[in-house]
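The values are calculated or read from the model by the stated rules, or taken from the named source; none is laboratory data. Not measured: the values here are computed from a predicted model. When we count neighbours, we look across all protein chains shown, and the Cβ atoms used for this are built from the backbone with ideal geometry, even at glycine.
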Amino acid sequence: MEYQDYYKILGVERGASPEEIKQAYRKLARKYHPDVSKEADAEKRFKEIGEAYAVLKDAEKKAAYDQMGSNWSQGQGFTPPPNWDSGYEFRGDGNSQDHSEFFESIFGQRAARGEARNTQFNLPGEDHHAKIEIDLRDSYLGAERSISLTMPTMDPNGRMRMQARTLEVKIPQGIRSGQHLRLAGQGSPGFGSGKAGDLYLEIAIKTDPIFKIDGKDVHVDLALSPWEAALGSSVALPTPTGKVELNIPPNTMAGKKLRLKGKGIPGKDPGDLYAVIRLVTPAANTDAEKEAYKTMSQVFTFNPRENMQGYSS
Amino acid sequence: MTTGSSLLQGIVVEEELHLSITEICQACSIEEEHIHAWVSEGVLEPQGRSYTEWRFSGQSLRRAKIASRLVRDLELNTPGVALALDLLEEIEGLRRQLQSQT
């Protein structure tokens, strides 16, 4: 188990006043709050900050923590001294699954014993939350996913234990990124005759190199040669569920969106798939290729900079 | 709670769920008074006339969850929550736009 230096985590001196501690916490909490922050390790940092503040804002916990001395450094191997915490009373504060092993060893067990006394009451179990990543194809076709979760569960003696479990979950067809699946009764068990909490799974669709998702619509860039675009053609267009033949009408311009109605994310009111036309021009390397471009320049009366006319250089 | 391999079928919160005030409080681990405050501030817009008839959509659930975390973690007041949620949604919209353009 590693020692947690709560003062260092909040960036305050050991002698900091409650006001200074609160201010340091608020500043860091705003910076790393997972709902607000886009920092890569926001969630981890936020939990550390929260844990540090939970201890340092509470006079009893802070006193117990300070009593262990200041000769420890962050991350150092740590074993609590026997009876180090005698004479301090702690209350549980719910989100125990978020705390470090260090915190659990010091404040966790007493918190769990505190909760165990509540078993004569009937309380509903807590809801749990997890995130699951799926492929765009899973949303098109529906899928089955096996997910592993570590959840705090209550053992027969009323202690919180972390237990790993695996669930087989049906991913419904047409689910979109940011939507949630509710699995009834899969959260924490209730106390007494209270019913179990639910498990909420947030769905995230992995970003795809070619398909861009916009709500229930899907966009895909389609590169065409100038002659395919000008003369019209039929090209193979990849979709999340396989290729389709797409008819390109003559004189299709760059930036034009060809809509495949109902080929977006499926559902009662399915989205559309858009092929966004991009033109790619080949380099002229051989004599014949140069000749072809020259012929074009003679045949066309075409000024690609028409919109710039009237601007002096 | 079961630990097994039977296939679990959930419901899509945003499309199929309509929560009462008791259910939304449980899902967010928050007291009813906050929900009342957010409804009168326009943060949440349930259907139904009186609070006993309120039905919250999955979209409301999402907003209520973020609001609950902001209140718990940053001790924001009700107008602060309303402002933060509107700004967060605007940022999310802009990010989505940016993503579909690149």
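Can you say whether A:P266 is more than 10 Å from chain B (Cβ to nearest Cβ), in contact with a Ser or Thr (Cβ under 9 Å, 6 or more places away or on another chain) and more than 30 Å from A:P304 (Cβ to Cβ), as far as the supplied structure shows? Break it down into steps so the answer makes sense when it comes.
Numbers: more than 10 Å from chain B (Cβ to nearest Cβ): yes; in contact with a Ser or Thr (Cβ under 9 Å, 6 or more places away or on another chain): yes; more than 30 Å from A:P304 (Cβ to Cβ): yes.
Taking the combined requirement at face value, the residue satisfies it.
Step by step: first the residues of segment A:165-189, then only those that are of a type in the set (S, T, Y) and more than 20 Å from A:F211 (Cα to Cα), then the one that is modelled with the highest pLDDT. Which residue is that?
Restricting attention to segment A:165-189, the residues satisfying the condition of being of a type in the set (S, T, Y) are A:166, A:177, A:188.
Applying the additional criterion that residues be more than 20 Å from A:F211 (Cα to Cα) yields A:166, A:188.
Working: A:T166: 88, A:S188: 79.
Among them, the one singled out is A:T166.
Within segment A:176-231, how many residues are in contact (Cβ under 8 Å) with a residue 60 or more places away in the chain, part of a loop (DSSP other than H, G, I, E, B) and within 30 Å of A:L260 (Cα to Cα)?
At the first step, the residues of segment A:176-231 found to be in contact (Cβ under 8 Å) with a residue 60 or more places away in the chain are A:176, A:187-206, A:208, A:211, A:213, A:218.
Retained after the next criterion (residues that are part of a loop (DSSP other than H, G, I, E, B)): A:176, A:187-190, A:192-198, A:206, A:208.
Then keep just the ones that are within 30 Å of A:L260 (Cα to Cα); that gives A:176, A:206, A:208.
Of the residues in segment A:176-231, 3 are in contact (Cβ under 8 Å) with a residue 60 or more places away in the chain, part of a loop (DSSP other than H, G, I, E, B) and within 30 Å of A:L260 (Cα to Cα).
Can you pull out every residue in segment A:215-238 that is under 26 Å from the mean Cα position of the chain (by Cα) and surrounded by 16 or more Cβ atoms within 10 Å (Cβ to Cβ)?
Restricting attention to segment A:215-238, the residues satisfying the condition of being under 26 Å from the mean Cα position of the chain (by Cα) are A:215-221.
A:K216, A:D217, A:V218, A:H219, A:V220 - these are the residues of segment A:215-238 that are under 26 Å from the mean Cα position of the chain (by Cα) and surrounded by 16 or more Cβ atoms within 10 Å (Cβ to Cβ).
Keeping to segment A:50-70, report how many residues are farther than 21 Å from A:R30 by Cβ, in contact (Cβ under 8 Å) with a residue 12 or more places away in the chain and touching a helix residue (DSSP H, G or I) at 6+ places or on another chain (Cβ under 8 Å).
Selection size over segment A:50-70: 3.
For segment A:174-208, which positions are under 15 Å from the mean Cα position of the chain (by Cα), more than 7 Å from every other protein chain (Cβ to nearest Cβ) and among the polar types (S, T, N, Q)?
A:S177, A:T207
Among B:V43, B:V39, which is the only one that is assigned to a helix (DSSP H, G or I) and of a type outside the set (D, E, K, R)?
B:V39
Would you call A:A164 of a type in the set (A, V, I, L, M, F, W, C), assigned to a loop (DSSP other than H, G, I, E, B) and over 30 Å from B:L98 (Cβ atoms)?
Numbers: of a type in the set (A, V, I, L, M, F, W, C): yes; assigned to a loop (DSSP other than H, G, I, E, B): no; over 30 Å from B:L98 (Cβ atoms): yes.
Here the answer is no, as A:A164 does not meet what is asked.
So B:H36 passes all but one of these: (1) surrounded by fewer than 18 Cβ atoms within 10 Å (Cβ to Cβ); (2) within 27 Å of A:F46 (Cα to Cα). Which condition number does it fail?
(2)
Got a number for residues in segment A:111-156 being at pLDDT below 80 and basic (K, R)?
The qualifying residues number 2.
Just need a number here: residues in segment A:5-27 that are exposed (fewer than 15 other Cβ atoms within 10 Å of the Cβ), outside any loop (DSSP other than H, G, I, E, B) and touching a residue at least 12 places away in the same chain (Cβ under 8 Å).
Final tally of qualifying residues: 2.
Within segment B:19-36, does at least one residue satisfy the condition of being part of a strand (DSSP E or B) and within 14 Å of chain A (Cβ to nearest Cβ)? Before the answer, list the steps.
Initially, segment B:19-36 is screened for residues part of a strand (DSSP E or B), giving B:19.
Subset that is within 14 Å of chain A (Cβ to nearest Cβ): B:19.
There is at least one residue in segment B:19-36 that is part of a strand (DSSP E or B) and within 14 Å of chain A (Cβ to nearest Cβ).
Residue check: is A:I277 in contact with an Asp or Glu (Cβ under 7 Å, 6 or more places away or on another chain), more than 21 Å from A:L141 (Cβ to Cβ) and either aliphatic (A, V, I, L, M) or buried (at least 16 other Cβ atoms within 10 Å of the Cβ) (or both)? Before the answer, list the steps.
Working: in contact with an Asp or Glu (Cβ under 7 Å, 6 or more places away or on another chain): no; more than 21 Å from A:L141 (Cβ to Cβ): yes; either aliphatic (A, V, I, L, M) or buried (at least 16 other Cβ atoms within 10 Å of the Cβ) (or both): yes.
It is false that A:I277 is in contact with an Asp or Glu (Cβ under 7 Å, 6 or more places away or on another chain), more than 21 Å from A:L141 (Cβ to Cβ) and either aliphatic (A, V, I, L, M) or buried (at least 16 other Cβ atoms within 10 Å of the Cβ) (or both).
What is the number of the single condition among (1) of a type in the set (D, E); (2) under 30 Å from B:E14 (Cα atoms); (3) more than 42 Å from the chain's Cα centre (by Cα) that A:E306 does not meet?
Failed condition: (2).
Filter segment B:48-59 for residues that are more than 9 Å from chain A (Cβ to nearest Cβ) and either under 30 Å from A:L222 (Cα atoms) or touching a residue at least 40 places away in the same chain (Cβ under 8 Å) (or both) and give the result. Before you say what the answer is, go through the steps one by one.
In the first step, residues of segment B:48-59 are kept if they are more than 9 Å from chain A (Cβ to nearest Cβ); the result is B:48-57, B:59.
Matches in segment B:48-59: B:S57, B:Q59.
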